[in-house]
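Participant: So that we are looking at the same thing, I have put the structure below in structure tokens.
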Amino acid sequence: MEVITIEMLSLLKTRTEIAQEIGKIKNQQGMSVSNESREDELRELVKKTCQEINFDSNTALKFLNFLLNESIKVQSSTSNTHLAIFLKAKELEQQGKKIIHLEVGEPDFQPPLNVKKSLSEVYDKGFGKYGPAKGLPEFRTKLAEFANNNFDAGVNLENVMVTPGARFGVFLAITTLLDPSDEIIVIEPAWPAYRQCAINSGIKVRSIKTKLENKWEPDLDEISSCINENTKMIVLNYPNNPTGKILPKTLQDQIVNIAKENNLYILSDEIYSNYSNGEWSSILSYNYEKSIVTQSFSKSHSMTGYRIGYLVSSKDIIEKLTKLQALCLTNVSEPIQYTAMNSLGDDVTKNTEIMNERLTKLEEICKEMELEFVKPDGAMYIFARTKNPINTSDLSEELLNHGVAIAPGIGFGDYNEFFRISACLDIKTLIEGMDIIKTRL
Ligand code: PMP
């Protein structure tokens, strides 16, 4: 037994070293790290071999997922994500350079005035102690009512837990509900954290690449054909970051049906729901017990730095996720919960109107620049490419030197020709930023 284990370790070392070398070549040639069709070939080979040697293919495929993830880990670089560009931009600002931030999705509005009032009350109200890991019961009750009124849900406080932002909600769901070597379906382009959370937990990402030519709509057959016994979850994010896409209702219905038929969890990240100008319906409206919906005050109430959001799911799932939340952070800061609770019902439609006006202006400019993009149905971004394809990682580095930060497409799943422009600045500054981009294209 020992000899076999040691031999396997030595083979793993050799495999990892080769993967590293391949990673360097891929990087030099601007190739993407994961190669779905190559992975499929390996899967088929593993299944065939299992038949020949009479070994359980499910165990073998899990082992393959572990190996594939190890390769991806050693080949991945985070130097080109929008977060990396944001950090570089901040560094330049510290050196006294002016940067127009078109890379970051952070609304520039002030939070509602109620936030100010509530913050001034928390001291006297005694919100300074440890609290329940799921959140303040009064807040959870209000969140459940809000979900019932706005998302066509039928939930109560037991279906709700407060999280420090949607990001932590996503982390809790992926980490708690999936085991290492399980598979998660991510429809790309996508916010990078779904992939990063999965890889961090040894979970295999199966990407469904969507295309601008197909209006960023996923192919149902492609989704169905990548599902196997190890597939446990599909991630949805509509309105979408970075494309602004909202799925047509029938397509969304079909995806939900596929998930139900295959007993998959649906992790639906709905933090842009109040920035939608098309027909949007929450996954909560399907009343599917294996759905987990993340929501946040970050974008809707412009409260990014307050770190407050929530999850809606079945009682059982909430119980499971609460254990990890209790372990990691005891509870979300109560002063912030109180503040968000009092602001929940505030009218934030003005934010949506302003964002829509900006998006309309950006669309107009992008058209003049002959950029290719799908008109966003919501969210706060335009995801575009030039007629003659260019590498936007290089473009984003170059633009930083000219005072503009953009988000290169590679961070959203190897969309090297695309870049994301965020509408989180006033129109005058947006125009100024786009004028600079024009000079570099
Ligand atoms: N989900 C998506 C799709 C996002 O774009 C972001 C942030 N840009 C988040 C979640 C994180 O939200 P929060 O600030 O609530 O953690």
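The values are calculated or read from the model by the stated rules, or taken from the named source; none is laboratory data. Bear in mind that the values here come from a model prediction, so they are computed numbers and not experimental data. Virtual Cβ from ideal backbone geometry, glycine too; neighbours counted across all protein chains shown. The accessibility values were calculated without ligands, DNA or RNA, using every heavy atom of the protein model including side chains. Shrake-Rupley method; radii C 1.70, N 1.55, O 1.52, S 1.80 Å.
Participant: If each residue of separation counts as 0.36 nm, what is the full-extension length gain between Lys387 and Asp179 once their alpha-carbon separation is subtracted? Could the numbers behind the result be given before it?
Facilitator: On the way: separation 208, 0.36 × 208 = 74.88 nm, distance 4.25 nm.
Stretched fully, the Lys387-Asp179 segment lengthens by 70.6 nm.
Participant: Assuming R0 = 56 Å, can you tell me the calculated FRET efficiency for the pair Asn148 and Ser225, based on Cβ-Cβ distance, to the nearest 0.05?
Facilitator: On the way: r = 37 Å, r/R0 = 0.65.
The calculated FRET efficiency here is 0.95.
Participant: Give a quick list of trypsin sites (Lys or Arg not before Pro) in region 356-441 that DSSP marks as loop, anything other than H, G, I, E or B, with at most 16 other Cβ atoms within 10 Å. Working shown, then result.
Facilitator: Values: sites: Arg358, Lys361, Lys367, Arg385, Lys387, Arg420, Lys428, Lys438, Arg440; in loops: Lys387.
Listed in order of number, the matching sites are Lys387.
Participant: Next up: What size of dipole, in debye to the nearest 20, comes out for the chain about its Cα centre when the only charges are +1 on Lys and Arg C-beta atoms and -1 on Asp and Glu C-beta atoms? List each step's numbers first, then the result.
Facilitator: Working: 49 positive and 60 negative charges, 172 e Å.
Computed about the Cα centre, the dipole is about 820 debye.
Participant: If DNA, RNA and ligands are ignored and the probe is 1.4 Å, what is the ranking of Met1, Met31, Met434 by accessible area, most exposed first? List each step's numbers first, then the result.
Facilitator: Numbers: Met1 180, Met31 100, Met434 0 Å².
Correct descending sequence by accessible area is Met1, Met31, Met434.
Participant: Place a point 7 Å from the Cα of Asn262 along the Cα-to-Cβ direction; which residues of region 165-186 have their backbone N under 15 Å from it?
Facilitator: 182-186
Participant: Can you give me the distance in nm between label points at Ile427 and Tyr123, each placed 7 Å from the Cα along the Cα-to-Cβ direction?
Facilitator: Reported label-point gap for Ile427 and Tyr123 is 4.2 nm.
Participant: In percent, how large is the relative contact order of region 2-75, given Cα pairs closer than 8 Å and 6 or more residues apart?
Facilitator: 42 percent
Participant: Ile6 to Ala60: FRET efficiency via 1/(1 + (r/R0)^6), r the Cβ-Cβ distance, R0 30 Å, to the nearest 0.05? Could the numbers behind the result be given before it?
Facilitator: Numbers: r = 21 Å, r/R0 = 0.69.
After rounding, the FRET efficiency stands at 0.90.
Participant: Need one number: nm distance between label points at Leu87 and Glu289, each 7 Å from Cα along Cα→Cβ, rounded to one decimal.
Facilitator: 4.3 nm
Participant: Please report how far the C-alpha centroid of region 239-271 lies from that of region 297-327, rounded to the nearest whole angstrom.
Facilitator: Going from one Cα centre to the other spans 20 Å.
Participant: At a Förster radius of 41 Å, what calculated FRET efficiency corresponds to the Cβ-Cβ distance of Lys438 and Glu36, to the nearest 0.05? Could you put the intermediate results ahead of the total?
Facilitator: Details: r = 35 Å, r/R0 = 0.86.
Here the calculated transfer efficiency is 0.70.
Participant: Test of understanding: what is the full-extension gain from Met369 to Leu329, defined as 0.36 nm times their sequence separation minus their Cα-Cα distance? Walk me through the numbers on the way to the answer.
Facilitator: On the way: separation 40, 0.36 × 40 = 14.40 nm, distance 4.74 nm.
Additional length available on full extension: 9.7 nm.
Participant: Once you have the Cα-Cα distance between Leu251 and Ser76, take 0.36 nm times their residue separation minus that, and quote the gain in nm to one decimal. Let's see the in-between values first.
Facilitator: Working: separation 175, 0.36 × 175 = 63.00 nm, distance 3.22 nm.
Taking Leu251 through Ser76 to full extension adds about 59.8 nm, to one decimal.
Participant: Ranked from the most accessible area to the least, with a 1.4 Å probe and all protein chains present, what is the order of Phe66, Phe168?
Facilitator: Values: Phe66 80, Phe168 40 Å².
Result, largest first: Phe66, Phe168.
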